[in-house]
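This is the structure I have questions about; it appears just below.
The values are calculated or read from the model by the stated rules, or taken from the named source; none is laboratory data. In this text the structure is predicted, and so the values were computed from the model without any measurement. Positions of Cβ are backbone-derived with ideal geometry, glycine not excepted, and every protein chain shown enters the neighbour counts. Accessible surface is based on the protein model in full, side chains and every heavy atom, while ligands, DNA and RNA are left aside. Shrake-Rupley method; radii C 1.70, N 1.55, O 1.52, S 1.80 Å.
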Amino acid sequence: MGRPGLSRRQLLAAAGGLTVAGSAAFAALGTGADALASGADTRVRYWNLFSGGDGANMITMLDSFRKEHPDIAVKDSTLQWGNPFYTKLAMAAAGNRAPELGVMHIGRVAGFSPGRLLDPWDEGLLAKYGVRKADYNPKLWNRGVIDGKLYALPLDIHVQLCFYRKDVLKKADLLGDDGLMAPVTSTTEWFDVLKKAKKVQKKGLQTIGLWTNDQNFQWWFFVAFYTQLGGQWFNDENTEVLFDADKATEVLEFLRRHVTDGYVIPGAPTGEQFINGAPFTWEGNWSVPVFSGAELDYGATPLPPVFGKQATHAESHAFVLPHQEGRGGATNEAAHELAAYVCTHALQWAAGGHIPAYTPTLSTAAYKKLTPQHEYVSAMDHQANEPKVWFAGSTGVLAQDLGPMVVSSTMGSAKPAAVARRMKKELGKLLASKNPMDGTTAAQGGAVA
């Protein structure tokens, strides 16, 4: 059966309605002929969204691959992070101008029309180059499986963490004998910790940075603690909303209390405050290079299990194969080889704070020496993920719609219980809405593993 076409208007709407103006923005849509200038026999065009320290680490890994595989020319292009990237990738796949290899947040894969805009991985080829399902956390691997086929090969998980200043917590007697933050297992214990830390912190600083007015961070924190409470989103068939408004209210009240009890300065620059001596900040693991570069005496642990269950929000960068008519042959095999190489040589990637998805890396002596990375590696086993539906994932519709609601509760412009009811109502609307990538609702979409 032929692949139903998608109009440019549909693609723009599906990926967030954002485009990037200027000829430079579409440079990655070219032929990539310059990648063959070295005389290599095979070309792999690779699109990613990594900038800053992540971009530098990725380039280091790619250069190592080039050195070891002179017969494969890699043309890597870094595009703008967020919806502009997904718009461009969707348009390229629909127009048969896609690169051989790309990167996506794994939470977006279910909505990216697997089978139409993405091609499945050949697990036999991946195994040939050293990547097997057995080397991955089962839950993480299965997040990339749609209709029984692997569409996303995880490179990492990136998680929300509780960063803490050891020098401050030591004064408050909040460090264990191992020099790490003492465990916290309830909301009562957590606010007791904040109270003790506040007594010894520098004046003029907040006790904890929570990104109170940022819809993405507030949504990520909500997902983590709602998961700790055992909260559900939808039934297995994605036909019924199971969202628990009472549990959601409990989470929203917990987040709000940080503001009402005076532990947060709304709008304060969280990273800067932490560097200047604030006891805590909740940030993504990508802040590790920043804090380590500032030579702080600090640690990082998964978000505290204040509701009794370990769970911290996690997303994943994953390799994908953007759809190409007639995909196969040497270029396709080279794309598999490149992705497998990066996954199995991810120690460099871990330097940026991310947890490598390829689990053999985690048991190496070199990884265990990374500080504070080794302290939060357990997050791999208790990931709090968004539901596996087309409207979820990083910068997706779900975060855009529900994130501002969480902010309104945390900041005090709306009551937690009222916000929880609004969230449940919105989830019902989203569940019944059509995926603009393929015109199906979440319930009509393909089965997920």
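Kindly work out what percent of the DSSP beta bridges joining two residues of the chain are antiparallel, to the nearest 5.
Expressed as a percentage, antiparallel bridges in the chain total about 65.
Could you name the aspartates and glutamates in cross-link range of Lys196, using Cα to Cα under 15 Å and dropping any fewer than eight places away on the same chain?
Answer for Lys196, where 15 Å is the Cα cut-off: Asp167, Asp173, Asp261, listed by chain and number.
If you don't mind, another one. Taking only C-alpha pairs under 8 Å that are 6+ residues apart, what is the relative contact order of the range 46-126 in percent?
37
OK, next. List the residues whose amide H sits under 5 Å from the amide H of Ala384, counting only those 5 or more places along or on another chain, with H placed 1.01 Å from N in the peptide plane.
Under 5 Å from the amide H of Ala384: Thr312, His313, Ala314.
At most 13 other Cβ atoms within 10 Å and a DSSP loop assignment: could you name the chymotrypsin sites (Phe, Trp or Tyr not before Pro) in the range 285-361 that fit?
Those that pass, being in a loop and sparsely packed, number zero.
Right, here's the next one. Specify which residue in the list Val241, Ala365, Gly230 is farthest towards the positive end of the charge dipole of the chain, using unit charges on the beta carbon of Lys, Arg (+1) and Asp, Glu (-1), about the Cα centre.
Val241
Let me ask you something else. Suppose all protein chains stay in the model; what accessible area per residue would a 1.4 Å probe give for the chain, in Å²?
40
Taking the Cα centre of each part, how many Å lie between the range 57-121 and the range 129-173?
Distance between centres, Cα-based: 20 Å.
Once you put a point 7 Å from the Cα of Thr359 and another 7 Å from the Cα of Glu272, both along the Cβ direction, what distance in nm separates them?
4.3
Using only Cα atoms and rounding to the nearest 10 degrees, what angle (0 to 90) does helix 83-94 make with the longest principal axis of the chain?
Taking the Cα atoms of the chain, the angle to 83-94 is about 20 degrees.
May I ask which residue of Ser316, Pro436, Thr410 lies farthest towards the positive end of the charge dipole of the chain, with charges of +1 (Lys, Arg) and -1 (Asp, Glu) on Cβ and the Cα centre as origin?
The residue sitting farthest along the positive end of the dipole is Thr410.
Here's something else I'd like to know. What are the extents of the Cα atoms of the range 173-261 along their three principal axes, in Å, largest first?
51, 31, 20
When Lys and Arg each count +1 and Asp and Glu each count -1, what net charge do the other residues less than 14 Å away from Pro404, Cβ to Cβ, add up to?
Net charge in that neighbourhood comes out at -2.
Taking the Cα centre as origin and putting +1 on Lys and Arg beta-carbons and -1 on Asp and Glu beta-carbons, what dipole magnitude results for the range 106-211, to the nearest 20 debye?
About 580 debye.
While we're on this one: Between Lys170 and Asp381, how high is the FRET efficiency from 1/(1 + (r/R0)^6) when r is the Cβ-Cβ distance and R₀ = 25 Å? Nearest 0.05.
After rounding, the FRET efficiency stands at 0.30.
Pull out the extension gain between Asn96 and Gln348, defined as 0.36 nm times the separation in residues minus the alpha carbon to alpha carbon distance; nm, one decimal.
That works out to 87.4 nm of additional length.
In degrees, nearest 10, range 0 to 90: what is the angle between the Cα axis of helix 245-260 and the longest Cα principal axis of the chain?
Roughly 60 degrees, rounded to the nearest 10.
A further question on this structure: If you average the sequence gap of Cα pairs under 8 Å that are 6 or more apart and divide by the length of the chain, what percent do you get for the contact order?
After rounding, I find 26 percent.
Related question: Which whole-number value in Å³ per residue fits the convex hull of the alpha carbons of the range 107-257?
180
The range 379-427 to the range 177-194: how many Å between their Cα centroids?
26
Continuing with the same structure: Give me the distance in nm between label points sitting 7 Å out from Cα along the Cα-to-Cβ direction at Ala56 and Thr188, one decimal.
Each label point lies 7 Å from its Cα, and together they span 4.7 nm.
Go through the range 348-362 residue by residue and turn each phi into a ³J(HN,Hα) via Karplus (6.51, -1.76, 1.60, θ = phi - 60°); whole Hz please, and just put x for glycine and proline.
4, 5, 5, 4, x, x, 6, 8, x, 6, 6, 5, x, 5, 5
Also: Treating the beta-carbon of each Lys and Arg as +1 and of each Asp and Glu as -1, no other charges, what is the dipole magnitude of the range 303-439 about its Cα centre, to the nearest 20 debye?
That gives the range 303-439 a dipole magnitude of about 720 debye.
Return the sequence-ordered ³J(HN,Hα) values of the range 213-221 in whole Hz as given by the Karplus equation 6.51 cos²θ - 1.76 cosθ + 1.60 applied to θ = phi - 60°, using x for Gly and Pro.
Running phi through 6.51 cos²θ - 1.76 cosθ + 1.60 with θ = phi - 60° gives 10, 10, 5, 6, 4, 4, 5, 4, 5 Hz.
Under the 0.36 nm per residue contour assumption, what length would be gained going from the current alpha-carbon distance of Asp41 and Leu180 to full extension?
Between Asp41 and Leu180, full extension yields 44.9 nm more.
Which semi-axes, in whole Å and largest first, does the equivalent ellipsoid of the range 252-356 have when worked out from the alpha carbon gyration tensor as the square roots of 5 times its eigenvalues?
So the equivalent ellipsoid measures 39, 18, 13 Å along its semi-axes.
Pairwise over distinct Cα atoms, reciprocal of the mean inverse distance: report the Kirkwood radius of the chain in Å, one decimal place.
When all Cα pairs of the chain are included, the Kirkwood radius is 22.8 Å.
Still on this structure, please answer the following. Rounded to the nearest percent, how much of the accessible area of the chain (1.4 Å probe, protein heavy atoms only) is carbon and sulfur?
After summing per-atom areas, the C and S share lands at 50 percent.
Moving on. If the chain between Ser292 and Glu426 were fully stretched, how many nm would it gain, using 0.36 nm times the residue separation less the Cα-Cα distance?
Result: 44.2 nm gained on full extension.
Let me ask something additional. What is the dipole size for the chain, taken about its Cα centre, with +1 at each Lys and Arg Cβ and -1 at each Asp and Glu Cβ, in debye to the nearest 20?
940
Hey, another quick one. Considering the zone a paramagnetic label at Ala330 would reach in this model (a point 7 Å from Cα along the Cα-to-Cβ line), which residues of the range 102-140 have amide N under 18 Å from it?
Answer for this model: none.
Scan the chain and report its longest stretch carrying no GluC sites (Glu not before Pro) that are both in a DSSP loop and have at most 15 other Cβ atoms within 10 Å.
Segment 1-236 is the longest.
What is the mean projected area of the alpha carbon convex hull for the range 196-311, to one decimal in square nanometres?
Average projection, Cα convex hull of the range 196-311: 8.4 nm².
Tell me, what is the 1.4 Å probe accessible area of Lys202, in Å² to the nearest 10?
We get 120 Å² for Lys202.
Here's another thing I want to ask about it. Kindly flag which residue pairs out of Lys166/Lys203; Lys195/Lys388; Lys203/Lys369; Lys309/Lys434; Lys247/Lys369 have an alpha-carbon separation exceeding 27 Å in this structure.
Lys195/Lys388; Lys203/Lys369; Lys309/Lys434; Lys247/Lys369
Here is a further query. Which angle from 0 to 90°, rounded to the nearest 10, does the C-alpha axis of helix 187-200 make with the longest principal axis of the chain?
The helix 187-200 is inclined about 70 degrees to the chain.
Evaluate the distance, in nm, between pseudo-label points positioned 7 Å from the Cα of Asn142 and of Leu125 along their respective Cα→Cβ axes.
Those two pseudo-labels are separated by 2.7 nm.
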